[in-house]
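Enquirer: The structure under discussion is supplied below as structure tokens; questions concerning it will follow.
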């Protein structure tokens, strides 16, 4: 599975949009981009995933560049409860594919 | 939907004893389950992958005789830490996926193991 690069930390004011970038320049054609987050001392929570097209759900939007070498997770109106470590993971769709976590981005939402 | 439950949430055990952690998928059939370990201020490290009815596949460096994984049914997997030592103290997290329905995996809430 391709590796990902994320900034180690970011700050965001409450109510503002949080834009979390992720580079995955070695992604291959059948690999998906997944985003999870982990709030302190809890298991990771699935947010969203995509292959080529931009995706949106009740939690966030995922913007994938046309060349698929990078993506951005957007939390449209960040709240204090969105403070967490956000992981961008690239994974194939096969049954043997695994979710391999990198170091993620620690998002701190402030008043 | 897609709820994964782990039990216990935390456990303290004496050095040399064994501890069993359960992972259940409550509303779907987990064809594949994953076990992770996380040390403080570090990311999740995959320990092993198990498919229902077959032996688990362990990641390099993970001792299969120390971390016994059983995935006997489509809704339950167990991780047994045998002869636990203080260095096994960690946050253990399971994840489950129904390969026939989704590509994403869902995680349990984790188990904090402290070996004294």
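Since every read-out is calculated from the coordinates, none of them should be taken as a lab result. Model, not experiment: these values are computed from the prediction. Using ideal geometry, Cβ is built from the backbone for each residue, glycine included, and neighbour counts are taken over all protein chains shown.
Enquirer: How many angstrom lie between the C-alpha centres of segment A:70-111 and segment B:48-64?
Expert: Cα centroid of segment A:70-111 versus Cα centroid of segment B:48-64: 26 Å apart.
Enquirer: Once Rh is set to the Kirkwood radius over Cα pairs, what Stokes-Einstein translational diffusion coefficient, in µm²/s, holds for segment B:38-101 at a temperature of 20 °C and a viscosity of 1.002 mPa s?
Expert: 165 µm²/s
Enquirer: Does a label point 7 Å from the Cα of residue B:63, set along Cα-to-beta-carbon, have any residues of segment B:8-27 with amide nitrogen under 19 Å, and which are they?
Expert: So the set is B:13-21.
Enquirer: Give me the extension gain from residue A:93 to residue A:57: residue separation times 0.36 nm, minus the current Cα-Cα distance, reported in nm with one decimal.
Expert: Once the chain is fully extended between residue A:93 and residue A:57, it gains 10.9 nm.
Enquirer: With 10 angstrom as the radius, rank B:71, B:85, A:40, B:7 by how many other C-beta atoms surround their C-beta, starting from the fewest.
Expert: A:40, B:85, B:7, B:71
Enquirer: Let me ask something else about it. Mind giving me the FRET efficiency for residue A:26 and residue A:74? R0 is 25 Å, r the Cβ-Cβ distance, nearest 0.05 is fine.
Expert: Efficiency, rounded to the nearest 0.05: 0.60.
Enquirer: If you don't mind, there's one more thing I want to ask. Between residue A:3 and residue A:110, what is 0.36 nm times their sequence separation minus the Cα-Cα distance? Round to one decimal in nm.
Expert: 35.5 nm
Enquirer: Pop the C-beta distance of residue A:10 and residue B:72 into the FRET formula with R0 = 41 Å and round what comes out to the nearest 0.05.
Expert: Taking R0 as 41 Å, the efficiency between residue A:10 and residue B:72 is 0.45.
Enquirer: At what distance in nm do the modelled label points of residue B:83 and residue B:7 sit from each other, each positioned 7 Å from its Cα along Cα→Cβ?
Expert: In this crude spin-label approximation the distance works out to 3.0 nm.
Enquirer: What does the average come to when, for each residue of peptide A:62-75, you count the partner chain Cβ atoms lying within 10 Å of its Cβ?
Expert: Mean shielding count: 0.
Enquirer: Is there a simple number for the mean count of other chain Cβ atoms within 10 Å of the Cβ of residues in A:97-104, and what is it?
Expert: Mean inter-chain Cβ contacts per residue within 10 Å come to 5.
Enquirer: Fewest Cβ neighbours within 10 Å first, please rank A:68, A:16 accordingly.
Expert: Exposure proxy ranking, most exposed first: A:16, A:68.
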